[in-house]
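Report on the following structure.
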Amino acid sequence: MSLARACACTHGLTHMWHSLVCSRAPPARPPAGSRSAPRGARGQRRAGPPFQFLQVQKAGSKGSVGLIRLQRPQALNALCEGLMAELRRALDAFEADAQVGAIVITGSDKAFAAGADIKEMQGKSFQQCYGGAFLAGWDRVATVRKPTIAAVNGYAVSVPVSLRALCRVPHARGRDSWRSPPAVPITPSPGAGGTQRLTRAVGKSLAMEMVLTGERISAAEAKAAGLVSKVFPVDKLLDAAISCAEKIASNSKLVVAMAKESVNAAFETTLAEGNRTEKRLFYATFATDDRKEGMTAFVEKRKANFTDS
Ligand SMILES: C=C(C)C(=O)SCCNC(=O)CCNC(=O)[C@H](O)C(C)(C)COP(=O)(O)OP(=O)(O)OC[C@H]1O[C@@H](n2cnc3c(N)ncnc32)[C@H](O)[C@@H]1OP(=O)(O)O
């Protein structure tokens, strides 16, 4: 676990000192229940070119989990345009795959992701950014209707504003360090929703400090701030994320999508609008066979057999 200590300073922000991630991780190994030649991955290869920056496969005992591993080790998984385009393609494929009920995104042992690709950004002009809607495509991670879990390992630079904040059920391992985009040292201020999503996730004080200093927080601090839901030892992280995804995938995909939409409304709208969204979606579940099956199974004391209808 990363070490961290905190002290209050006079202008109300909390200044923290954080240790760097330094311990060595065990070599990557296939997650429990993963399929070496997954049907989904084969299907995606047939449908398009092979992935250069990702490893895409199905995992879980029933192949119900879409597993995406970011693989750009030479740049610590910096999110270049090619990687993000592949990520959108993989997400689209899993979104369309009826067998997949939840998606896990993970990185390498050293880095989950090092944020936007600085070498790619370095020469960009305003015209290129505005005209080409630079980073706009990153929102695809947030608009996926199936639940996404970020299994965060190693450096997660800027990830609060990028993949982590876009994924909905983040898990972290015990010795990660998390960092907002360094607004001051490198100069791009957050541009992928970081000032908005991070602030809503952790509150103004911590978000302000992270954004303005670019300093890291540990996994334990990320958990305490509500940025991640769980923290695991390094060797348990991916299996835990897959197991959580399998559990989600065993429920009705239709009702899970509605529940996800409803929770997101709390993050993105007012309380009154969120409550209205929840009520509408709650009523809508009464039109599904799965709602009837779930309640009937409970009353009959048996396991529900959902048909996603
Ligand atoms: C606006 C938005 C949305 C943003 O995301 S802005 C945020 C951009 N990202 C960052 O500021 C993080 C930059 N990276 C770092 O600070 C450091 O690399 C870390 C993550 C602390 C790791 O440090 P180290 O372990 O010392 O590794 P380091 O030697 O820096 O990096 C290894 C390689 O990855 C490269 N690399 C790391 N992060 C990169 C990035 N974001 N873009 C491009 N290349 C990157 C780095 O240039 C180096 O390449 P080379 O070997 O060719 O010199």
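The values are calculated or read from the model by the stated rules, or taken from the named source; none is laboratory data. None of the values given here were measured: they were computed from a predicted structure. With ideal geometry, Cβ positions are generated from the backbone for all residues, glycine too; neighbour counts draw on all protein chains shown.
One residue is enough: does the range 124-133 have a residue meeting the conditions surrounded by fewer than 23 Cβ atoms within 10 Å (Cβ to Cβ), away from the ligand (no atom under 16 Å from the Cβ) and not small (Gly, Ala, Ser)? Looking for residues that are surrounded by fewer than 23 Cβ atoms within 10 Å (Cβ to Cβ), away from the ligand (no atom under 16 Å from the Cβ) and not small (Gly, Ala, Ser), one finds at least one in the range 124-133, hence yes. On the basis of being surrounded by fewer than 18 Cβ atoms within 10 Å (Cβ to Cβ) and within 12 Å of the ligand (Cβ to nearest atom), does Ala136 make the cut? Considered against the rule, which asks whether it is surrounded by fewer than 18 Cβ atoms within 10 Å (Cβ to Cβ) and within 12 Å of the ligand (Cβ to nearest atom), Ala136 comes out as yes.
Looking at Ala192, Ala257, Ala240, Ala265, which is the one that is within 28 Å of Val100 (Cα to Cα) and in contact with a strand residue (DSSP E or B) (Cβ under 6 Å, 6 or more places away or on another chain)?
Details: Ala192 fails: in contact with a strand residue (DSSP E or B) (Cβ under 6 Å, 6 or more places away or on another chain); Ala257 fails: in contact with a strand residue (DSSP E or B) (Cβ under 6 Å, 6 or more places away or on another chain); Ala265 fails: in contact with a strand residue (DSSP E or B) (Cβ under 6 Å, 6 or more places away or on another chain).
Of Ala192, Ala257, Ala240, Ala265, the one residue that is within 28 Å of Val100 (Cα to Cα) and in contact with a strand residue (DSSP E or B) (Cβ under 6 Å, 6 or more places away or on another chain) is Ala240.
Counting only residues that are of a type in the set (A, V, I, L, M) and surrounded by 14 or more Cβ atoms within 10 Å (Cβ to Cβ), which one in the range 285-309 is farthest from Glu95 (Cα to Cα)? This residue is Ala297.
The set of residues from the range 67-86 being near the ligand (Cβ under 9 Å from one of its atoms) and surrounded by fewer than 20 Cβ atoms within 10 Å (Cβ to Cβ) comprises Pro73, Gln74, Ala75, Leu76, Cys80. Among the residues here, Ala90 does not qualify as assigned to a loop (DSSP other than H, G, I, E, B) and at pLDDT 95 or above.
Contact annotation: residue pairs with Cβ atoms under 8 Å, 6 or more positions apart or on different chains, pairing a residue in the range 269-280 that is under 18 Å from Val256 (Cβ atoms) with a partner that is in a loop (DSSP other than H, G, I, E, B), are Thr277/Thr269.
Restricting the search to the range 100-110, which residues are away from the ligand (no atom under 16 Å from the Cβ) and either touching a Lys or Arg at 6+ places or on another chain (Cβ under 7 Å) or farther than 17 Å from Ile242 by Cα (or both)? Across the range 100-110, the qualifying residues are Val100, Gly101, Ala102, Ile103, Thr106. If the condition is being modelled with pLDDT of 70 or more and either more than 22 Å from the chain's Cα centre (by Cα) or polar (S, T, N, Q) (or both), then the range 28-61 contributes Gly48, Pro49, Pro50, Gln52, Gln55, Gln57, Ser61.
Consider the range 87-105 and keep the residues that are in contact with a helix residue (DSSP H, G or I) (Cβ under 6 Å, 6 or more places away or on another chain) and not hydrophobic (A, V, I, L, M, F, W, C). The one that is surrounded by the most Cβ atoms within 10 Å (Cβ to Cβ) is Gly101.
Which ones in the range 77-91 are hydrophobic (A, V, I, L, M, F, W, C) and over 18 Å from Ser108 (Cα atoms)?
Here is the first cut: in the range 77-91, the residues hydrophobic (A, V, I, L, M, F, W, C) are 78-80, 83-85, 87, 90-91.
Ala85, Leu91 - these are the residues of the range 77-91 that are hydrophobic (A, V, I, L, M, F, W, C) and over 18 Å from Ser108 (Cα atoms).
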